[in-house]
Structure formats: C-alpha cells, structure tokens
Amino acid sequence: MRCIDRFGPDKTGLSDVAAELGVTRQTVYRLFAGTDALMGAVALVAADRFVDRLVSKVGGLESPAEMLVECVAFTLERLPHERYLASVVPTIRASGRSADITSHVGYELTRALFARLPVDWVALGLEEKDLQDLAEIYLRTLQSFELDPGPARTRGARRDLLQRWLGATVQLLIESRSAEKVAV
C-alpha cells in the first residue's frame, strides 16, 4: 500500500515492493505469482477494511432492509474515492469487465458483510439459499448503478430509490419468511 501511495497502482511492481520491504524480488515471488496477485491481495485487505466501515456506518439502524440500502448507497458514493479498491481493482465502467462484481470474491465479500451486520438472519427466517440470492441481488444492484448511474440524483434521492425498491423487497422477503416460520 505504501508503494501504491508513492508510485500509483499502475506503476507499482514486485521489485518496488521488494525494495520497500528490504527483501529480494524472489522472496516476493514466493508469496505472489505476479503483480496481479499482489494487487489482488491489496484489494482484499482494503475490501475487508471497507466492510468494517460499512458495518460501523449502519450500526444505528434497526431494519436489515435499511442497513442493506445504506450499504449499497455508501459503497456507490465511496468507491470512486477508495484508493486501494477503486484504483487497484478498476471500476466496472472503466474496465468493461461487468462480470467481475458477481465473481466468487464479490460473493465472499458480500457474505462477509452480511455476517458482520448486526442481524440474526436465521432468526428472521432466512435460509442459506435466501442469503445467496440476497447477495446476488445486492451485487447486481451495485453493478447496475456502476455500469449506468442513471439520472443525476441527490444522496437522499438515491437512498429513497434504493429504499423503495431494494429495501422494500428485502423487507417483504423477511416478512414472508417470518410468516412461514410462524405458520410451521
């Protein structure tokens, strides 16, 4: 991360990292197959920290639907400013790699977010399949706004849109699962 700060993501190489650490390039190569692997590791560390920030951001909210809406909105607002996420992992729009967001890594990070939120998904009646589907919808919502932000909206207007459609859908899912659980 210090090398990225100093040289930028496009000009940071394994030899820069080796020099920063005071080791040989071969030592770095033993840990990372190449620059892409190294940058991927940096992005994962940064993503883990970002998930912690998301969880902290929604700490005062009570509704899981509101939490997810805020997580999406905050991610969309912050991603362009996250040096290690936005510059190490190019944005979908810039890279043209629209499938990246629904990759295995995307799912794992989203599931880590769900696990860290102050929500007892099981008590709400959501099963593993529900959480997998919810992770996909969460990621596809991010993907859609990243590919095409749509008309200019204020922060509040974007949150209102997300609450009306994403939040309401999540709330309906929770209510239907809770009703099914009570009926059984």
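Go through region 8-37 and give me each residue that's in a helix (DSSP H, G or I), within 16 Å of Tyr84 (Cβ to Cβ) and either charged (D, E, K, R) or within 24 Å of the chain's Cα centre (by Cα) (or both). If the condition is that a residue be in a helix (DSSP H, G or I), within 16 Å of Tyr84 (Cβ to Cβ) and either charged (D, E, K, R) or within 24 Å of the chain's Cα centre (by Cα) (or both), then Asp16, Glu20, Thr35, Asp36, Ala37 are the ones that fit.
If you check Ser178, Ser144 for being surrounded by 13 or more Cβ atoms within 10 Å (Cβ to Cβ), assigned to a helix (DSSP H, G or I), free of Cβ contacts under 8 Å to residues at least 24 places away in the same chain and assigned by TED's automatic domain parsing to the domain that holds Leu109, only one passes: Ser144. Can you find, within region 76-90, the residue that is modelled with the lowest pLDDT among those that are touching a helix residue (DSSP H, G or I) at 6+ places or on another chain (Cβ under 6 Å) and closer than 17 Å to Leu142 by Cα? Checked region 76-90; the qualifying residue modelled with the lowest pLDDT is Val89.
Filtering Leu162, Leu124, Leu134 for residues that are closer than 19 Å to Ser63 by Cα and not in a helix (DSSP H, G or I) leaves a single hit, Leu124. Within region 38-54, identify whether any single residue is among the hydrophobic types (A, V, I, L, M, F, W, C) and under 17 Å from Arg159 (Cα atoms), and answer yes or no. For region 38-54, residues among the hydrophobic types (A, V, I, L, M, F, W, C) and under 17 Å from Arg159 (Cα atoms): present. When Ala112 is tested against (1) assigned to a helix (DSSP H, G or I); (2) aliphatic (A, V, I, L, M); (3) under 21 Å from Ala168 (Cβ atoms), just one condition goes unmet, and that condition is (3).
In the set (1) over 30 Å from Gly40 (Cα atoms); (2) at pLDDT below 95, Tyr107 fails one condition alone, (1). Between Leu124, Leu173, Leu142, the distinction of being modelled with pLDDT under 95 and either within 27 Å of Ala43 (Cα to Cα) or touching a His at 6+ places or on another chain (Cβ under 9 Å) (or both) belongs to Leu142 only. Within region 91-102, take every residue that is polar (S, T, N, Q) and in contact with a helix residue (DSSP H, G or I) (Cβ under 9 Å, 6 or more places away or on another chain) and give me the one that is modelled with the highest pLDDT. This residue is Thr102.
If I go through region 138-174 residue by residue, how many of them are among the small types (Gly, Ala, Ser) and either within 16 Å of the chain's Cα centre (by Cα) or closer than 12 Å to Pro64 by Cβ (or both)?
2
The values are calculated or read from the model by the stated rules, or taken from the named source; none is laboratory data. Because the structure is predicted, anything quoted here is derived from the model rather than measured. Cβ: placed from backbone, ideal geometry, glycine included. Neighbour counts: every protein chain shown.
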